[in-house]
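Asker: My questions all concern the structure below.
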Amino acid sequence: MEKTVSMYNDIEKILVTRREIDVAVKKLGDMITEQYEGKELVMVCILKGAALFFSDLIREVSLPMVIDFMSASSYGSGTESKGEVRIKKDLDRPIAGKHVILVEDIVDTGNTIYFLQNYLKDRGAASVRVATLLDKPARRKVPLKADYYCFTIPDAFVVGYGLDYDEKYRNLPDIGILSPGVYGAEG
Ligand code: PRP
């Protein structure tokens, strides 16, 4: 209890509540269930940020599927994207002919997911769509439009429900704007 309270002290404003996340995730799960019936579906979690969203979302999809995990670097430990993408963990299984949904916590510049989408298309996936919890279109640097998104958010630094600042706050149940003083933007 004490720890959760102290994490919330670093939050300027709650942007999306856990309850709102639950509703949106269920809705998205139903949509995927409808659209992927009869297809060989592979849902891919982009570590680490998407881990919480992914584990909730896949349980709302009532279809047989394979799950897999990828990890790619983009942000480093600061708040700005470096613009270059490196794969740190690749898929465990061949992807050719499969219908893939890449699951992200946030699409910011779009660099990470744009790169991964093209990478899997090049490896022969039948289709590669992007499902993101948060979309921050104001920051986009590449022509990437998420196929599925739960919330569009303003250009603020957000943490919680998987999203971190310097690896912290991922376990915050809600999504909030981090106080600028925490990452040295003021004070
Ligand atoms: C974050 C996030 C996305 C990416 C979005 O990952 O999870 O993968 O950055 O930014 P972009 O659209 O500008 O590429 P990060 O590299 O911070 O790793 P993490 O998921 O382990 O926190």
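Asker: In region 133-187, what count of residues is obtained for those that are open to solvent by less than 40 Å² (accessible area, probe 1.4 Å) and polar (S, T, N, Q)?
Answerer: Of the residues in that region, 1 qualify.
Asker: Can R123 be described as surrounded by fewer than 19 Cβ atoms within 10 Å (Cβ to Cβ), modelled with pLDDT of 95 or more and over 25 Å from K27 (Cβ atoms)?
Answerer: yes
Asker: I177: assigned to a strand (DSSP E or B), touching a strand residue (DSSP E or B) at 6+ places or on another chain (Cβ under 8 Å) and farther than 24 Å from I87 by Cβ, yes or no?
Answerer: yes
Asker: Among the residues of region 109-138, how many are among the acidic types (D, E) and more than 15 Å from the ligand (Cβ to nearest atom)?
Answerer: Residues that pass the stated criteria total 1.
Asker: Ok, one more. Tell me which residues, restricted to region 32-58, are part of a strand (DSSP E or B) and within 14 Å of the ligand (Cβ to nearest atom).
Answerer: Correct list: V44, C45, I46, L47.
Asker: For region 33-54: of the residues being more than 16 Å from the chain's Cα centre (by Cα) and either among the hydroxyl-bearing types (S, T, Y) or closer than 14 Å to L133 by Cα (or both), which is least open to solvent (accessible area, probe 1.4 Å)?
Answerer: Y36
Asker: Still on this structure, please answer the following. Quick one: which of I95, I106 is open to solvent by less than 60 Å² (accessible area, probe 1.4 Å), within 15 Å of the ligand (Cβ to nearest atom) and in contact with a Lys or Arg (Cβ under 7 Å, 6 or more places away or on another chain)?
Answerer: So the residue among I95, I106 that is open to solvent by less than 60 Å² (accessible area, probe 1.4 Å), within 15 Å of the ligand (Cβ to nearest atom) and in contact with a Lys or Arg (Cβ under 7 Å, 6 or more places away or on another chain) is I106.
The values are calculated or read from the model by the stated rules, or taken from the named source; none is laboratory data. Values in this document were obtained by computation on a predicted structure and should not be read as measured data. Neighbour counts run over all protein chains shown; Cβ positions are idealised from the backbone, glycine included. Ligands, DNA and RNA are excluded from the accessible area calculation, which covers all protein heavy atoms including side chains. Shrake-Rupley method; radii C 1.70, N 1.55, O 1.52, S 1.80 Å.
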